[in-house]
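Contents: one structure, followed by commentary.
No lab work stands behind these numbers, since they all come straight from the coordinates. Keep in mind it's a predicted model, so treat the numbers as computed, not measured. Glycine gets a Cβ as well: all are built from the backbone with ideal geometry, and neighbour counts include every protein chain shown.
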Amino acid sequence: MALSRRLALLVIAVIAVAAVPANAMAALPGNWNKVDQRRVVRAGLMTKDADGFHGERPFSPAAMRASLAALGQRTQTPPVQISSAPISVSRFDKLVVEQLGLSDLAVAVQTEAKRAGLRPPSRFGTEVVARQLGLRFNHPFPFGERLELYPSDRITRAEAAYSFARILSFNGWEKQYARDVLGRFTLPQYGPKQLAALRLAVSKIGMPYIWGGETDWPSPGQVHGGYDCSGLAWRVYKLSGNPAGRAIRGRTAAQQAGEIPKRSRVAFADIRPADLLFFGSAGFRSRATEASVTHEGIALSKDFMIHASSQGVYVSPLFEEWRRNAFAWARRVL
């Protein structure tokens, strides 16, 4: 199966699971993914009490230990040994990545980011791998966003069930696909101005996707901190006080894409680190509208970007056919 086709199937699966009624989420914060909960219980990866699953409760170290042992039995691998420390979102991802046999890939990503001078947080490598596997659920705006978690928050049983259910849905190519993609994660030599911008962007890895979000804490009118695609760029170049951000006036992706003259647009082949990248149905010479420019990222290299989307703030490849086809143009800020 072609890599682009594999990714498309993964995206379709995530979108299908994400179609949760907003009123149900508002009423039952621990039961937003009851199908996933039933599935992981049937598979023996999690258990429930006599009075229910209690997805709203923190996922305990003892439960995590049992889940990893059960996952190890399914994959015929020894269970990862863990301490009794609380299970945060980032720790959960680290342990799951290790149980899946991808720790070496996470270490390689972390090492490359550190070598390039990005000063990545310690969770960077495992968050990149976990997000490549599609283990993050994006709670829909507006009612679901109060259920989002920060990387340091204790993961809930419902969120853990979502990740384990995704693993149960794997068709056998997902781990190798992660290796194929992230095996190409190499970064160039950055200049001081590029480092200043990209270090800030990389520091937000694993933060949740929040509609209109542009800060680590709730913005006015919001219930949770986090970032949308243009909000991440806004944080990196505007709210940080970066002098280069003075030229950026628009807040949305379409506004930031459309406020530069057409002669200043950057083609895909000419992408440089820290460029703003725009995606949608817009052609390279067409006008930017809210309907035609619908997504934005920040280039880490010619092959990878960091952005905020369905997996929160995460790293994605640029070399897949579907991504190239969706590329409109880039904007050079530095």
Helix-derived mean residue ellipticity, 222 nm - over the chain, DSSP H n ≥ 4, -39500 (n - 2.57), to 500: -11500 deg cm²/dmol
Burial ordering of Ser83, Ser163, Ser103, fewest other beta-carbon atoms within 10 Å first: Ser83, Ser103, Ser163
Within segment 250-334: Cβ-based charge dipole about Cα centre, in debye rounded to nearest 20 (Lys, Arg +1; Asp, Glu -1): 360 debye
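How large is the charge dipole for segment 190-334, taken about the Cα centre, if only the Cβ atoms of Lys, Arg (+1) and Asp, Glu (-1) carry charge, to the nearest 20 debye? Working shown, then result.
On the way: 19 positive and 11 negative charges, 127 e Å.
Dipole about the Cα centre, nearest 20: 620 debye.
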Members of Lys238/Lys262; Lys175/Lys238; Lys94/Lys238 lying beyond 29 Å, as alpha-carbon distances in this model show: Lys175/Lys238; Lys94/Lys238
For segment 94-147: rounded, prolate or oblate by the Cα gyration tensor [a/c cutoff 1.5]: oblate
Footprinting exposure proxy for Leu239, Leu105 (fewest neighbouring C-beta atoms within 10 Å first): Leu239, Leu105
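Determine the sum of side-chain charges near Phe59: Lys and Arg each +1, Asp and Glu each -1, restricted to other residues whose C-beta is under 9 angstrom from that of Phe59.
Computed value for this residue: +2.
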Equivalent-ellipsoid semi-axes of the chain, from the Cα gyration tensor, Å, largest first: 34, 22, 18
All aspartates and glutamates inside 16 Å of Lys48 as judged from Cα atoms, apart from same-chain residues fewer than 8 positions distant: Asp36, Glu56, Glu159
